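The block underneath contains the structure these notes are about, expressed in structure tokens.
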Amino acid sequence: MLACLAALFAACLLGSTPLEAERVLAALFGQGAAGDQLVVVQIRLPRALTAFAVGAALGASGAALQGLLRNPLAEPGVLGVSAMAALAATGALYYGYAAASAWAMPTAAIAGALVGTTLIAFSALRTASAVTLILIGVGLSSFAGAAMNLLMNLAPNPFSLADMINWVLGSVANRSFLDLAFAAPFLIVGLGILFAARRGLSALTLGEEAASGVGLNLRQQRLLVVLGTGLATGAAVALAGVIGFVGIVAPHIVRPMVDHDPARSLLPSALLGGLILVLADIGIRLVPTVSELKLGVVAALIGAPAFIWIAMQRRSVHD
Amino acid sequence: MIEARSTTMANPDASGLAVSGLRLTVGDATLVEAASFCLRAGELVALLGPNGAGKTTLLRGAVGLVRPAAGWAQVEGDDTVAMAPRRRARQLAYLPQNRPLAWPSPVRDVVALGRFAHGAALGRLRGADRTAVERALAACDLQQLAGRSTATLSGGELARVHCARAFAAEAPLLIADEPVAELDPYHQFRVMDLIRAFVAEGGGALVVLHDLALANRYASRLIWMKGGRILADGTPAATLTTQRLADIYGVRGRIDGTRVEIEGPL
């Protein structure tokens, strides 16, 4: 919790215009020079908050999907949910809906995420194998990726192409409080639903059969988790595009600290996911590169090896 | 119609589980046909039959996890399939055959999941939940292991954990699908002793068993199934005969008091 606040403050502190801590603090509380306020409140704070919100949504979604599917490799990115959301978002960009209404982007992304989550949940009913499920996710990701590439291929002009590439790579640069405000309702409702369904995730530790035996309403539980992750992931993608692996790494670190209870891992995973992305975004801004690195690229560069490592730790008896 | 059923056909002895004319189907296949039986407090009933006889399906139908094509299963006069899952779980503890644990949770947490229907949240058990979990741990001799990860337990220890999970629910009825499968003889006796103690305290238990000697030794009643039908239901003395072994399992056996010996296939 404290680390999150500290990281958010640090994110406001660092940037291309050097500002001292006092000036940042003053600007945050509505005092200080107008220029300082502009930089801190209009540029750095929304960017940091966006990174945190996206990380929190992905961290909680990952933890919830892992609880539902009883698999530590489940995550919106790996299962193709993020890619489906991004496909819908690029579709909205391509057809110009995004320019027409500020709600178009979040709505499209959430619809895409819900389609992806529903497909995965349905496949999970038919197969008990984690491997099959992840393969379906890979297929879903590939399909969404190909469709996005098609849209980019057909992009009418370089500007919409650049817009789309932004979503595919994933970034929180140049986000305003307005962007946050449009995604926030979905994000909060999604996280709320996941949090309300957390006790059922613990029960699923016993497997679906025994979980219904101890009194879990399976159908309702599945619906809640699909809806919650769809809303939260969709909102995250609408804000920042595709950012993968946060949803795997954060719960993986949290789980041993909460006795492997999916219910108790939800909130810490959200906080840690937010923290990871805020720190990653600070890292991006500090690294002197010609053109700024995209957050999604960096997250994947760190997250994908972590994913491989976690997969290799798994014993085959679990499948 | 519903009125008529609930007055004329309802469980006459409303305490306990009553199953009447249950037919369970999957697609075109009928897995259980016209199954009727009762389970009352103070009874330890063994459900016997060869593989594929429909024992597990019958249990799932009785618990209300599958919707019957015909007939009904009632607990305390309510259809199990229509009951709210949490209310049903407070009446009926169910121990399925497959008991995979998704995470290496500590023993105490797994046992505490038995309190799910009572609203218990893991990690912060209070009042009745805490008492029930501690009692179940003690009954199954698991206090020393309470903090251990379930991933480090042996098969026999895990079986006790699952029993404790079921007992922690403090439901009056227990339905267990092969609770002693894959256990060594010592642990088979331990688990059956635990179930017998549960029954001695006023519970009712329906247990699928494959070991006839074990069933003969512990059960107060035997229900014999084959081909989706219940063929016999009665005390071991009345229903355990060499003819029955031949009919149900197709084996030649010898029965001598409490001893059951299977000599070979017919």
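The values are calculated or read from the model by the stated rules, or taken from the named source; none is laboratory data. Remember, it's a predicted structure, so these values are computed and weren't measured experimentally. Cβ atoms come from the backbone with ideal geometry, glycine included; neighbour counts cover every protein chain shown. Side chains included, ligands, DNA and RNA excluded: accessible areas come from the protein's heavy atoms. Shrake-Rupley method; radii C 1.70, N 1.55, O 1.52, S 1.80 Å.
Of note:
- Restricting the range B:71-114 to residues that are part of a strand (DSSP E or B) and within 7 Å of chain A (Cβ to nearest Cβ) leaves a set whose member that is surrounded by the fewest Cβ atoms within 10 Å (Cβ to Cβ) is B:106.
- Pick from the range A:186-199, criterion within 14 Å of another protein chain (Cβ to nearest Cβ) and in contact (Cβ under 8 Å) with a residue 60 or more places away in the chain, ranking: farthest from the chain's Cα centre (by Cα): A:199
- 3 or more residues farther than 30 Å from residue B:120 by Cα: qualifying helices (runs of 4 or more DSSP H) within the range A:132-214: A:158-169, A:177-196
- Listed by first and then second residue, the pairs with beta-carbon distance under 6 Å, at least 6 apart or on different chains, first residue in the range B:55-76 and at positive phi, second part of a loop (DSSP other than H, G, I, E, B), are B:64/B:80; B:64/B:81; B:76/B:14.
- Hey, residue A:150 closer than 24 Å to residue A:72 by Cα, of a type in the set (A, V, I, L, M, F, W, C), over 20 Å from the mean Cα position of the chain (by Cα) and more than 14 Å from every other protein chain (Cβ to nearest Cβ) or not: no
- Test: residue in the range B:175-187 that is within 17 Å of the chain's Cα centre (by Cα), aliphatic (A, V, I, L, M), on the phi < 0 side of the Ramachandran plot and within 13 Å of chain A (Cβ to nearest Cβ): yes
- Selection status of residue A:283, within 18 Å of residue A:78 (Cα to Cα) and either more than 14 Å from every other protein chain (Cβ to nearest Cβ) or modelled with pLDDT under 90 (or both): no
- Wholly enclosed helices (runs of 4 or more DSSP H) of the range B:161-260 bearing at least 2 residues crowded, with 18+ Cβ neighbours inside 10 Å: B:185-200, B:212-218, B:242-249
- Figure legend. Inter-residue proximity from the range B:246-259: first residues closer than 24 Å to residue B:55 by Cα, second residues among the basic types (Lys, Arg), beta-carbon distance below 6 Å, spacing 6+ or different chains. Indicated pairs: B:248/B:226.
- Condition broken by residue A:228, with the remaining ones in (1) more than 14 Å from every other protein chain (Cβ to nearest Cβ); (2) modelled with pLDDT of 90 or more; (3) open to solvent by 10 Å² or more (accessible area, probe 1.4 Å) satisfied: (3)
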